[in-house]
Amino acid sequence: MRAHDDTTDPARLRVAAEVLGHLADPTRLHLLRLLSVEQDVSSLVAQVAASRSSVSQHLGRLRLAGLVRARRDGRRMLYRITSDHLADLVAEALGYADHAVLGIPHHVVDEAPAERVNPAG
């Protein structure tokens, strides 16, 4: 059982919806994927299909939302994703997209675990 299973808490649902809203933009999703390691704007611009201005604006939005943290290193600002949960969510979204784009059947949760046949017995 997971530690956070109260799916009816309105505050929890609101925060989750806000986070998913931030992931709804392809550039922000790509940036979050790249920010599992600390990077500056120049290295991010070289890796995404967006201008420096656009990357900076997306980073600002992600930072205000608390999804990315920034620290100064001399004249540069370095950015990194703030949570392993968020990194996992991004990876799962991209994994889901891989299945959809490549036509790979999605994994299905077994709805009747009691009906499984035990291969050993």
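The values are calculated or read from the model by the stated rules, or taken from the named source; none is laboratory data. These figures come from a predicted structure and were not determined experimentally. Positions of Cβ are generated from backbone atoms using ideal geometry, with glycine treated the same way; all protein chains shown enter the neighbour counts.
Odds and ends about this structure:
- Check on Pro26, over 19 Å from the mean Cα position of the chain (by Cα) and either modelled with pLDDT of 95 or more or at negative phi (or both): no
- One residue stands out among those in segment 24-38 that are surrounded by fewer than 19 Cβ atoms within 10 Å (Cβ to Cβ) and out of contact with any Leu (no Cβ under 7 Å at 6 or more places or on another chain): the one that is farthest from Tyr96 (Cα to Cα), which is Val37.
- Selected residue (only one of Gly74, Gly66 is on the phi > 0 side of the Ramachandran plot, at pLDDT 95 or above and surrounded by 13 or more Cβ atoms within 10 Å (Cβ to Cβ)): Gly66
- Scanning segment 57-69 for residues that are out of contact with any helix residue (DSSP H, G or I) (no Cβ under 6 Å at 6 or more places or on another chain) and more than 16 Å from Ala87 (Cα to Cα) yields a total of 4.
- Residue check for Tyr96: surrounded by 11 or more Cβ atoms within 10 Å (Cβ to Cβ), at pLDDT 90 or above and in contact with a helix residue (DSSP H, G or I) (Cβ under 6 Å, 6 or more places away or on another chain): no
- Residues in segment 43-55 that are in contact (Cβ under 8 Å) with a residue 12 or more places away in the chain and either touching a Gly at 6+ places or on another chain (Cβ under 8 Å) or surrounded by fewer than 16 Cβ atoms within 10 Å (Cβ to Cβ) (or both): Gln47, Ala49, Ser54.
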